[in-house]
Amino acid sequence: MAESSYSPVEEFLYRKELYGEIEPYSSGHLKVSDLHTIYWEQSGNPSGHPVLFLHGGPGGGTSPSNRRFFDPEFYRIVLFDQRGAGKSTPHACLEHNTTWDLIDDIEKLREHLGIPEWQVFGGSWGSTLALAYSQSHPDKVTGIVLRGIFLLRKKELDWFYEGGAAAIYPDAWEPFRDLIPENERNCFISAYSKRLNSEDLETQYTAARAWTKWEMMTAHLHPNEENIKRGDDDKFSLAFARIENHYFINKGFLPSESFLLDNVGKIRHIKTTIVQGRYDVCCPMMSAWDLHKAWPEAELKVVADAGHSANEPGIAAELVAANEKLKYALKTTGA
């Protein structure tokens with residue numbers, strides 16, 4: 001694993017506790033196309049160093065707790081709900097909803113807020129989007145923090161949705177599996193796509209609940225009941241499941257399987273930390289390891305006692321510390 005470029009003394013001094021709860025100082029909706037409008041908000045220091053939080057899913061939306069990874073006195077914290085997710089409209093909409101649309105939206109938001117460049121922070125699907133955005137606009141990115149690496153390759157999708165992770169969570173897998181008739185189980189992503197795009201809304205909701213619960217039940221090393229209950233929220237589940245499935249069946253709209261690895265050279269120079277839970281079942285460590293091998297300059301932090309979620313104590317601690325390192329670097333360079 002990559003050696004830290006910071007001294008052991010500095011490493012010991014970096015804060016690892018989440019910051020306190022804060023409220024946005026501004027928020028709004030930005031019309032990014034004839035169809036889509038995205039919700040955005042800013043919190044922290046209006047004159048601080050801008051940082052962009054990219055949520056997971058896709059389709060997961062943001063939440064107030066996302067603000068807590070950043071020092072509100074130093075950072076100007078920008079959150080937004082990607083197309084079809086959270087408070088963005090139209091809800092759960094798949095039309096004109098691709099990775100490249102989201103990258104264009106990020107640029108429109110950056111320009112709308114008058115931000116010349118910013119730090120980028122993303123986990124799970126947020127790590128995919130962070131890599132794709134940073135590779136498209138490396139001159140706009142001052143630093144990157146990634147968590148639970150997802151490169152949207154077939155082997156990653158097969159692991160989670162076609163029976164691999166079922167070996168660890170057979171009890172959670174069976175309800176997901178059993179919704180699909182045996183003659184359609186050769187590809188669960190396709191079988192769920194059919195139901196999530198059904199003309200019958202109740203069929204959509206039933207599939208969305210099953211899809212969402214499967215992910216929520218596997219996202220933590222220790223089961224998190226509050227997280228699992230999100231699968232019962234029809235509004236959340238519909239966007240989460242429909243948008244995820246749409247992206248996955250289209251292979252993330254990436255031109256090739258290895259696209260994000262092949263383009264690491266464009267961002268190699270950007271200070272980056274990768275945080276990965278050792279027992280991440282949703283996005284297994286193989287992807288973080290492959291990214292680390294392609295990009296040894298980025299620091300890899302493996303959390304020994306964690307799964308996938310950013311809210312697990314060990315992962316949250318390393319994410320805060322990674323932001324603190326970038327803060328320290330910005331302060332010492334006067335940026």
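One line per residue, one yes/no per condition, for (1) in contact with a Cys (Cβ under 6 Å, 6 or more places away or on another chain); (2) open to solvent by 10 Å² or more (accessible area, probe 1.4 Å); (3) closer than 19 Å to A322 by Cβ:
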position	(1), (2), (3)
G61	no, yes, no
P64	no, yes, no
F74	no, yes, yes
C93	no, yes, no
H96	no, yes, no
L102	no, no, no
G122	no, no, yes
Conditions (1) open to solvent by less than 20 Å² (accessible area, probe 1.4 Å); (2) within 18 Å of the chain's Cα centre (by Cα) -> F236 fails only (1)
All conditions in (1) in a helix (DSSP H, G or I); (2) open to solvent by 40 Å² or more (accessible area, probe 1.4 Å) are true of E156 except (2)
Restricted to region 164-180 and to residues being in contact with a helix residue (DSSP H, G or I) (Cβ under 7 Å, 6 or more places away or on another chain) and aromatic (F, W, Y), the residue surrounded by the fewest Cβ atoms within 10 Å (Cβ to Cβ) is W173
Restricting region 240-285 to residues that are of a type in the set (D, E) and in a loop (DSSP other than H, G, I, E, B), the one most open to solvent (accessible area, probe 1.4 Å) turns out to be E257
Of the candidates L35, L109, L30, the one satisfying the condition of being farther than 20 Å from L326 by Cα, open to solvent by 30 Å² or more (accessible area, probe 1.4 Å) and touching a residue at least 60 places away in the same chain (Cβ under 8 Å) is L35
All conditions in (1) over 28 Å from K140 (Cα atoms); (2) under 18 Å from the mean Cα position of the chain (by Cα); (3) of a type outside the set (A, V, I, L, M, F, W, C); (4) surrounded by fewer than 18 Cβ atoms within 10 Å (Cβ to Cβ) are true of E215 except (4)
Per the list (1) modelled with pLDDT under 95; (2) buried (at least 19 other Cβ atoms within 10 Å of the Cβ); (3) over 20 Å from the mean Cα position of the chain (by Cα), residue check on L221 breaks on (3)
Of all strands (runs of 3 or more DSSP E) fully inside region 1-84, the set with 2 or more residues that are under 29 Å from M216 (Cα atoms), among the β-branched types (V, I, T) and at pLDDT 95 or above is 37-44, 75-80
Exactly one of A321, A306 is buried (at least 16 other Cβ atoms within 10 Å of the Cβ), touching a Phe, Trp or Tyr at 6+ places or on another chain (Cβ under 6 Å) and in contact (Cβ under 8 Å) with a residue 12 or more places away in the chain, and that residue is A321
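The values are calculated or read from the model by the stated rules, or taken from the named source; none is laboratory data. Please read all numbers here as calculations on a predicted model, not as lab measurements. Glycine gets a Cβ as well: all are built from the backbone with ideal geometry, and neighbour counts include every protein chain shown. Please note that ligands, DNA and RNA were not included when accessible areas were found on the heavy atoms of the full protein model with its side chains. Shrake-Rupley method; radii C 1.70, N 1.55, O 1.52, S 1.80 Å.
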